Amino acid sequence: MKLDHNFPATSNGGEREVEVEEEEQGFKTIEVASVTDNPHNRHRQLDHINNCCGGGDLSSESPAPSPAVDELSFIPPLNFAMVDNGIFRSGFPDSANFSFVETLGLRSIICLCPEPYPEANTEFLKANGIRLFQFGIEGYKEPFVNIPEDTIREALQVVLDVKNHPLLIHCKRGKHRTGCVVGCLRKLQKWCLSSIFDEYQRFAAAKARVSDQRFMELFDVSTLKHIPLSFSCSRR
């Protein structure tokens, strides 16, 4: 090998090392270049590539791409959570929550409040093909709480029908009435009472009611056992 000083130097002053083999017996000359690294040269190469692509200066810091959808627009309702496959719970959804609720792909909503459903919510349901099941249960405070067992049972019949899934259960704040329906569902799923009460208290917090927990403890699930829990991961 020898240096070919007749070969032009690189633009950044780097050396080119040239290995020359004599063209004897059909051999060809092989050129091996070793270019000294130079930050200025790298910027020139980047500029050249970027200009070919019709862009700006790649050597400068590129701004972060803006998201296609504003994540801040997806606001879940109060006390939102997944109960089981295809079953969700929450407080009363309002217009700020519609974008989030739409992502759930709901078929049905169970409302446990007795008041007429708001017009904005009704229009949202129509626009998204969501069926409303309303089981009006008054939001009494202790010690005047009256939980209608027949109404809870009817609501559970809707919950257990997989044709209604995905489904959202809600009341005003997703605590007491929703907690009772979910607690009775857990009892049907063979949860122990301590686990049922723990889940109820996690949502009700300081507002937990002894009367709600007593209702769940005494609720008779025997008439619902013939309904298959095909949606549940706890199926046996």
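The values are calculated or read from the model by the stated rules, or taken from the named source; none is laboratory data. Every value quoted in this text rests on a predicted model; they were computed, and no experiment measured them. When we count neighbours, we look across all protein chains shown, and the Cβ atoms used for this are built from the backbone with ideal geometry, even at glycine. Surface areas here come from the heavy atoms of the whole protein model, side chains and all, with no ligands, DNA or RNA. Shrake-Rupley method; radii C 1.70, N 1.55, O 1.52, S 1.80 Å.
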TODO: Could you rank 219, 92 by how accessible they are, 1.4 Å probe, largest area first?
DONE: 92, 219
- [ ] Would you pull out the residues with amide H under 5 Å of residue 169's amide H, same chain only if 5 or more places away, H placed 1.01 Å from N?
- [x] 88, 89, 90, 110
Open item on the list: Once neighbouring chains are kept in place and the probe is 1.4 Å, which whole percent of the accessible area of the range 159-219 is contributed by carbon and sulfur?
Closed with: 54 percent
Task: Hz values of 3J(HN,Hα) by residue in the range 101-115 - Karplus curve (6.51, -1.76, 1.60), Gly and Pro given as x - done: 4, 4, 5, 6, x, 5, 9, 9, 10, 9, 9, 9, 9, x, 5
- [ ] Stick to the Cα atoms of the range 156-199, pair each with every other, and give me the Kirkwood hydrodynamic radius in Å at one decimal.
- [x] 11.1 Å
Open item on the list: Need one value: the accessible area of residue 178 in square angstrom, 1.4 angstrom probe, rounded to the nearest 10.
Closed with: 0 Å²
Task: Rg over Rh [alpha-carbon atoms, Kirkwood Rh] for the range 79-194 - done: 0.95
- [ ] Just subtract the alpha-carbon distance of residue 161 and residue 192 from 0.36 nm times their residue separation and send over the number in nm, one decimal.
- [x] 8.8 nm
Open item on the list: Just to make sure I understand: if all protein chains stay in place, what is the order of 90, 73 by accessible area at 1.4 Å, largest first?
Closed with: 73, 90
Open item on the list: With unit charges on the beta carbons (Lys and Arg positive, Asp and Glu negative) and the dipole taken about the Cα centre of the range 99-143, which residue among 113, 100, 129 sits farthest to the positive side?
Closed with: 129
- [ ] Using the structure shown, select from 172/207; 126/225; 126/175; 126/163; 126/207 the pairs with a Cα to Cα distance greater than 23 angstrom.
- [x] 126/225; 126/175; 126/207
